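The block underneath contains the structure these notes are about, expressed in structure tokens.
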Amino acid sequence: MSDFDKALIEMAIPRNDEGPVFDEPWQAQAFALTVKLNESGHFTWGEWADIFGAEIARASKDGRGCGNENYYLCWLAALETIVTAKNILSAAQIADRKEGWRHANEHTEYGKSIELDHAH
Amino acid sequence: MGHNHKHSAPLSDTVLRVKSLESLLVEKGLVDTAGLDALVERYEHQVGPRNGAAVVAKSWVDPGFKERLMKDASAAIAELGYSGAQGEELVAVENTDAVHNVVVCTLCSCYPWPVLGLPPVWYKSAPYRSRVVREPRAVLKEFGTELSADTEVRVWDSTAETRYLVIPQRPVGSENMSEEALAALVSRDSMIGVTVALNPTEEAA
């Protein structure tokens, strides 16, 4: 068993007999980004478990449930936290990019690929 | 296709957050797209395309279901226990000798994932998204699908509100097959419309 598989078990990820279970594509994407960053040495699973555990604890304290959706919302929040904590990306960079995507989403016309306009 | 068709429904805040992280990390070379997609694809079977194949097979053997599917696909798939968790509308488009349908999302990667699972890598790629609109026959040919010149090709652009499911033609020679055996002939790609359903002599991938 790889470190990754061990980490998954410790983190009690929603899973069935075949592996992790996702309700929606964004959950699998957030999961895959985290796995890839770990594989390339940007953080250890121990560091991840601390940050992710804190998110889960906060969600539980706020009375948010523990279904897949909430589980992966915590996952996503932890991923945003760890990339800024590790100086991989800045919070401003992430916020700018999000606005860029929102703008592109609202202004892309039929038949054209979505393009980020970096001038914005 | 000159009509002004905007993707007016905003992507959810959550989806925007994930897209932002993904695009920044890819641009910085910190994660590679192929590796990411390979990992996502590994879990693809967790949600489909088996659901979609079951829908298509049922439509082939049950005319009443087929009629309901063509009229209101969201309601029809709910009969089988499938639903769009984001509340988007599902529209079934049927391939015939006269019309071949193919689905794209020119904006991003809107995809009927409750029935088809997660989108394949190529579906999300810029070349597919732009080329299938301009030159659908050439793109289909690259998938090994050659259509007769008389067949009209219709390209459907998915949006946040509307997702499309292609109902491929029932293959010749499948007349005596069970619904379950028929479902094995319905590949993911045939429900996106880039290929046709498998022949009964072929193995489902």
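Rule-based calculations on the coordinates, nothing more; no lab input. Owing to the predicted nature of the structure, the values given are computational and were not obtained by experimental measurement. Heads up, the Cβs are rebuilt from the backbone with ideal geometry, glycines too, and the neighbour counts pull from every protein chain shown.
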Net charge of neighbours whose Cβ lies under 11 Å from the Cβ of A:Ile82, counting Lys and Arg as +1 and Asp and Glu as -1 = -3
Neighbour cut-off at most 16 other Cβ (10 Å), DSSP loop, GluC sites (Glu not before Pro), the range B:140-205 | B:Glu146, B:Glu161, B:Glu175, B:Glu202, B:Glu203
Per-residue average of other protein chain Cβ atoms inside 10 Å, peptide A:35-47 -> 2
Likely footprinting exposure, A:His103, A:His42, B:His100, fewest C-beta neighbours within 10 Å first | A:His103, A:His42, B:His100
